[in-house]
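One structure is given here, and the rest of the page talks about it.
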Amino acid sequence: MASSPENNASRSVQKVTCSESSQAKKSQHAEEAIFYMNCRAAYLTVLKSSLEKIKSKEQLSLVLQQAGRNPSQKTVNKYWTSQTTTLNFDDFCTILKKEKPATKTELLEAFGRIDTDNTGYILHDELYRILTTRGEKMTRDEVSAITKQADFNCGGKLDYNKFCDLYMTTSEQCCKTAREKLEVDSRLRQQQFGSQAETSSEGITLPVSKPSPRISRKTDHKLAPTKGDSRTPSRPSSAQSCKASTSTNISVGASSNRNTKLIEPDTMKEWQCAQSKGCFYLEEDGEIISHKYKLHLPQRCTVCITIRPLNIRQVEGKSYHWLSVDTALYILKENETQENLQFVSFTEQQNKEMFGWKGELGSGVYWLLPFTTGCRLKKVKTQMTGEAKLVYRGEDGELALTKEFRAALLDIFETIDLDGNGLLSLEEYNFFELRTSGEKCDEEAWAVCKENFDMKKNELTRQGFMDLNLMEANDREGDPSDLWVTLLSLGYNKALEMTEACPFVIDIYAEKCKPRIKAVYLEAGSWQLNRAICKSVVNKGEAKVMDGCENIIIYTYKAGRRITSVIENK
């Protein structure tokens, strides 16, 4: 079929437009790459690490100067307010995007407003007067430092054309020197930036928990929070930008011949022990949240840290899939503040379903971050034929909990009783409340519970917990809606089977001191866990350069239950 000249012309225009668009995108990517390379170079000229934060106005001013800027005090104050305590690499990049470097034309225009006769010179006396009385006033010594420079001063006058040339050259030289230092130092070149994972042993920022308002126990199941509402993903996610180098990790279940058997010496029976329970909860969107812990060690000693699925009540002949869920703990050391965490190690040794780590730890505070791949704790579509009955009315017309529901509540109690003392403290009960209703119980409400339900030493007993749930059923006149909200949020299905949760237990054995462990958060793993996982794989995994892409390195670590890969884009 013949085509008209008009059609051919149209196709040509389209090809040219597409080509121009493609070239524009390539040009934009190239400019971004150069910008972020300059950001990295400037940042590491002043600071030792990408994760070290800018801690003062002086440091901010210095790092901006290394990036070719000449910030005034007004500019610095704009970004370093009375509320500012630190700025990170991402903040620095944002500032550089807003604060463009001065051009020679702009500098000459500024001097031209002083040199009204357009002679190309400014008398030193005039320069002293202006710089010491206007704007951000300089001292006479500071102005003298300028006028004494022979390169652009002669006969009591400043040649501002030469001054601008020297300023631009010096600024460019600063950027060039920083880039050269980055290229020469392979350790700096491999560092990760901003919100990305890094390959050096620097800090990991801890999430700041958001306090939950205390509201009375839920009364409308339609208003209760659904699983998955506004929570950070716990599965390590890919990096959010291409600022510098990025790392993505992928974990899959695996069988391996790697010898990672956890050896427990007989002498460990005499070691002092601390224990805490916890749980992985699966959200509606597949994300996983769990408890996170602080470990206190009063002195340096050898410790053994283990994690395994919690073996609660079992019915003979019935399988409990959570007992086969893979678990791990990542150990991080808290330094001066809890905002700066340093990766120590992770539980890679194995003994059946238990994973552990044994080694020496110094005195101080450590964070323990539980992890599961989600390969075995995941959404499973099952055809539900009916709904288990939770409550019934007896012959006297009074509401009572069914045998099946009571059994489920006993399992829940066992899971949320974190210290395993058979009682629920206010702290333990609040983890339960936050998970099921998004609320917290304050001291006043706890005192009301004490008046109405069975307690010992200000802690709720199993019977008290049962009665509290029965009261909820009575409040709704037998409507089990709120009870189902609680059960579903704790990983139970309508057949009262725990299918979307995995309770676990952590044991800490210390040779020379009494360790203390405490659950502090119930939240998703977020990028702190991602960073720790990436570091562990980079440290212990096998590195391989991707074919045809020398800047992309794949680290692969094979353990007893999983294979984890970290893809690093340099």
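The values are calculated or read from the model by the stated rules, or taken from the named source; none is laboratory data. The shown structure was predicted, so the numbers you read here are calculated from the model rather than taken from an experiment. Here the Cβ positions follow ideal geometry from the backbone for every residue, glycine too, while neighbour counts run over all protein chains shown. Accessible surface areas use protein heavy atoms only, side chains included; no ligands, DNA or RNA. Shrake-Rupley method; radii C 1.70, N 1.55, O 1.52, S 1.80 Å.
I need the per residue convex hull volume for the stretch 64-130, using only the alpha carbons, in cubic angstrom as a whole number.
So the per-residue Cα hull volume is 122 Å³.
In terms of solvent-accessible area of protein heavy atoms at a 1.4 angstrom probe, what is the ranking of Val380, Val485, Val448, Val303, highest value first?
On the way: Val380 100, Val485 25, Val448 75, Val303 0 Å².
Ranked list, largest accessible area first: Val380, Val448, Val485, Val303.
Find the centroid of the Cα atoms in the stretch 36-69 and in the stretch 388-435, then give the distance between the two in whole Å.
With the stretch 36-69 and the stretch 388-435 each reduced to a Cα centre, they are spaced 55 Å.
With an 8 Å cut-off on Cα pairs and a minimum separation of 6 or more residues, tell me the relative contact order of the stretch 289-405 in percent.
Relative contact order comes out at 31 percent.
Over every pair of different alpha-carbon atoms in the stretch 39-82, take the mean of 1/r and invert it; report that Kirkwood radius in Å.
10.6
Along the charge dipole of the stretch 499-570, pointing to its positive end and built from +1/-1 on Cβ of Lys, Arg, Asp and Glu, which listed residue (Cys502, Ala532, Cys513) has its Cα farthest out?
Cys513
Out of all Cα-Cα pairs in the stretch 283-437, roughly what percent, to the nearest whole number, are more than 24 Å apart?
That tail contains 51 percent of the Cα-Cα pairs.
Quick one: grab Rg to one decimal and Dmax as a whole number for the stretch 360-413, Cα atoms only, in Å.
20.9, 63
Counting pairwise Cα distances across the stretch 104-184, what percent come out greater than 16 angstrom?
Percentage above 16 Å: 59.
Convex hull volume of the Cα atoms in the stretch 326-377, per residue, in Å³?
83
Report the far tail of the P(r) of the stretch 397-524, meaning the percent of Cα-Cα pairs longer than 21 Å. Could the numbers behind the result be given before it?
Numbers: 3560 of 8128 pairs.
Of all Cα-Cα pairs in the stretch 397-524, 44 percent lie more than 21 Å apart.
Just the accessible area for Asp117, please: 1.4 Å probe, Å², rounded to the nearest 10?
My reading of the accessible area for Asp117 is about 120 Å².
Which pairs in the list Lys352/Lys512; Lys74/Lys100; Lys57/Lys181; Lys358/Lys514; Lys403/Lys494 are over 18 Å apart, alpha-carbon to alpha-carbon?
Values: Lys352/Lys512 27 Å; Lys74/Lys100 15 Å; Lys57/Lys181 24 Å; Lys358/Lys514 16 Å; Lys403/Lys494 15 Å.
Cα-Cα > 18 Å for Lys352/Lys512; Lys57/Lys181; rest within.
Compute the Kirkwood hydrodynamic radius of the stretch 482-528, taking the inverse of the mean of 1/r over all pairs of distinct Cα atoms, and give it in Å to one decimal. Each step should come with its number before you reach the end.
Working: mean 1/r = 0.0711 Å⁻¹.
In the stretch 482-528 this quantity evaluates to 14.1 Å.
Quick one: compute a quarter of the convex hull surface over the Cα atoms of the stretch 463-570 and quote it in nm².
12.9
Which translational diffusion coefficient, to the nearest whole µm²/s, is obtained for the stretch 21-98 from the Stokes-Einstein equation, given a Kirkwood hydrodynamic radius over C-alpha pairs, 25 °C and 0.890 mPa s?
185
Could you order peptides 363-375, 420-432 by the average number of other Cβ atoms within 10 Å of their residues, highest first?
363-375, 420-432
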